[in-house]
1. Of all the C-alpha pairs in region 41-188, what % are more than 28 Å from each other?
2. Which entries of K121/K179; K51/K179; K9/K188 have Cα-Cα distances beyond 23 Å here?
3. Over region 41-188, give the accessible area per residue in Å² for a 1.4 Å probe, as an integer.
4. Apply 1/(1 + (r/R0)^6) to the Cβ-Cβ distance of E154 and C92, taking R0 = 35 Å, and write down the FRET efficiency to the nearest 0.05.
5. Roughly what would the spin-label model give for W185 and N56, points 7 Å off Cα along C-beta, in nm?
Amino acid sequence: MWRQSLIDKMEVRNTYRNLWHTDLTHSTLNDCPFCCFAAFCAPCASYLLRKRALHNDMSRHDRFFSAYVCCAGYMPCSGSCGEQSCPELCLCAEVVMLFFPNSVQSTRYLLQDEYNLQNTKCDNFIIGFMFCLQQLSCIFSLVAAIAGSEDLYEAANILYCISDGVYCTVCACMQTQHKVEMDKWDGKFGPVERPMQAPAFQMMSRIDQPVPPSAGYFPPAPTQAYGQPYPAGYPPTGYPPPGYPPRA
């Protein structure tokens, strides 16, 4: 059930129509200082971004925002780590000691779900390449351990260093992309129209009525109906009868 709910969420994200304010290839240019901060102090950046994604209130829980949960509910242990009693401490443990890669990805999912954001094909390729490179380095390490070959050990170490370098670079770009996106929705780049807002109140009008009547007022007495004049003597003389209360 837990795994199926995650699969359903991933399928829903494919229907999102908004795009990130900046893609991964240009995130460094949009905020170079924060990208350097995310590269050299990645756990601190992840902590600040997750707290900001939760609107700086990790205990809040209503119909729009959820309280802090470890890895945003994407791990089997999420919700059972004492998050409600000490969310700040649990978040520190998440980004520093336990699940730093998952903390970055969980913040990304939170932003995508709140702002209906989809990845570009280039972003998906970069993230997929990063994961594949990590898996390949792990496979090389296992083969080298089984075969006991020094050459394979050397190749595995080189591939491991390359995969780590790619991961650190992409992770810093991802966190910068998250920060720039939240800056956008906070209005730092100008006013924005937030998604899922209720449309403005509108009044309906008929085809033969180009201007809708004013709400709360009686319309003026008509002189024609469907383009034809009223017959003589209509309405009858003396209508309304005496004693009829006047119209307010």
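1. Values: 3236 of 10878 pairs.
When every Cα pair of region 41-188 is considered, 30 percent fall beyond 28 Å.
2. Among K121/K179; K51/K179; K9/K188, the Cα-Cα distance tops 23 Å for K9/K188.
3. On a per-residue basis, region 41-188 sits at 51 Å².
4. Given R0 = 35 Å and the Cβ-Cβ separation, E is 0.40.
5. Computed distance between label sites W185 and N56 equals 1.6 nm.
The values are calculated or read from the model by the stated rules, or taken from the named source; none is laboratory data. None of these values were measured; they are calculated from a predicted model. With ideal geometry, Cβ positions are generated from the backbone for all residues, glycine too; neighbour counts draw on all protein chains shown. Accessible surface areas use protein heavy atoms only, side chains included; no ligands, DNA or RNA. Shrake-Rupley method; radii C 1.70, N 1.55, O 1.52, S 1.80 Å.
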